[in-house]
Each structure stands twice: as structure tokens, then as C-alpha cells.
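Computed from the coordinates by the stated procedures, all read-outs in this text should not be read as laboratory data. These numbers were taken from a predicted model, which means no experiment stands behind them. No Cβ is skipped: glycine too gets one built from the backbone with ideal geometry, and neighbour counts run over all protein chains shown.
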Amino acid sequence: MSHQNPLQTEASSSSPSSADTGPAYYKHHIFFCLNERKNGEACCALQGAQAAFDHCKSRVKELGLSGPGQVRVNKAGCLDRCAGGPIAVVYPEGTWYSFVDTSDIDEIVESHLKNGQVVERLRTPPHLGR
């Protein structure tokens, strides 16, 4: 007797684009590079990235923005944009930010994550990589 997973059956009978018709699980997903390089090279971990991540996570929770349908704050390994560090990136927009302190994080949370407005002054220049 063959047992077929009903989810597989449903997925296989639908068109590839039908999976994209519903709302995203998170409205915004922000990733903070917390990479630390052991060889002494510049890295986000040495520029206060963990404190910025912690602050962002706290602010998002305080403002009631966390959870499904809203905002998810995540740690990331190297995002390969070290020259602009510390770095965070917001999806689904793919907006890269370089920040200095908690007031920058507050502005990203309030403007972008809460109100959907990119903080132009904190955008990482497109040419900056590693």
C-alpha cells in the first residue's frame, strides 16, 4: 500500500507560482552580521554588532513588532560586506545598512521595520564589499 503525504500531493498539483500568493511569514527580516575573524582582520563582531543585535531585538519586542506577520531579528555569519561594517540587511527589500550606535538601530526599527521607510543616510554604499 502506498502512503502519500497530503502536503506533497497538494503541492505537486499546484502551479509553481501558487506558493507565492500568500503573505510572507515575516513582513521584514533583519539579519545582523556577527562574524568574528580570528586573524585580526576587521569584522562586525569587533565593531559592536552583538550589542546592536541585542538592542534591535529588544526594541522590536518593546514596540510589539515581533512575531509572525511582523519582524524577525536574526544573527548571521559573515555577510561579506566587511568594509561597510558593522552591517545589517533587511529583507524582503534587500536593504543593506551600516550603523554606528543604538540611535541608528532605533531609527532603522522605527522608520524601516515599523513604517516601511528606508533610512537613506544609513544605507551601505553599493560598492562596499569585503
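Couple of notes before you dig in:
- In region 40-88, taking the dipole from charged Cβ atoms about the Cα centre, the farthest positive-side position among PRO86, CYS43, ASN74 is held by ASN74.
- In plain terms, the chain from LEU63 to SER111 could stretch by 16.0 nm, reckoned as 0.36 nm per residue minus the Cα-Cα distance.
- For region 72-130 and region 28-42, distance of Cα centres in Å: 12
- Highest mean packing comes first when the peptides 28-36, 114-122 are listed by Cβ atoms within 10 Å, giving 28-36, 114-122.
- Extension gain, LYS38-LYS75: 0.36 nm per intervening residue step, less the Cα-Cα distance, totals 11.5 nm.
- Length gained on full extension, ALA45 to GLU93: 14.9 nm, using 0.36 nm per residue less the C-alpha separation.
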